[in-house]
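Please treat every number below as a calculation from the coordinates, not as lab data. A quick note: this is a predicted structure, and the numbers were derived from the prediction, not measured. Please note: Cβ atoms are built from the backbone with ideal geometry, for glycine as well, and neighbour counts cover all protein chains shown.
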């Protein structure tokens, strides 16, 4: 995968949510008539880039594909996410050698997964 889009219904609310939870700066643009907020590329160029996307073809859902965000600390993200109004759909769980996983519902109603490597 090289690129992803997360559907949103309220771009300002979604930008506030993702900025406060993940500590990233998003770049707002209109692309092909759609309101987008682009995530910054990884510093090492690895991984997928993506955007929040608002438009008639973008419908938030908890039932579609699940995006996994690798984070340094799931506990920190869960604290910030709940403070920003997120629901916890799947609490932090130890998954052995693979690390830890949890799932939240973002400000728009999407299921977003978190993964943390063991150190």
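Assorted remarks:
- The value of relative contact order for region 3-116, using C-alpha pairs under 8 Å at least six residues apart, is 27 percent.
- Estimated purely from DSSP H runs of n ≥ 4, each contributing -39500 (n - 2.57), the mean residue ellipticity at 222 nm for the chain is -5500 deg cm²/dmol once divided by its residues.
- Likely footprinting exposure, 25, 20, 107, fewest C-beta neighbours within 10 Å first: 25, 20, 107
- Counting neighbouring Cβ atoms within 10 Å and putting the fewest first, the residues 89, 114 line up as 89, 114.
- Helix axis angle, 11-22 relative to the chain longest principal axis, alpha carbon, degrees: 30
- Between the alpha-carbon centres of region 62-119 and region 4-45 there is a gap of 18 Å.
- Put a dot 7 Å past the Cα of residue 34, heading toward its Cβ, do the same for residue 117, and the two dots end up 3.1 nm apart.
- Among 36, 1, 11, sorting on how many other beta-carbon atoms sit within 10 Å of each Cβ, with the fewest leading, yields 1, 11, 36.
- Along its three principal directions, the equivalent ellipsoid of the chain from the Cα gyration tensor extends over semi-axes of 23, 16, 13 Å, largest first.
- Inter-label distance, nm, simple model (7 Å from Cα along the C-beta direction), residue 75/residue 22: 2.3
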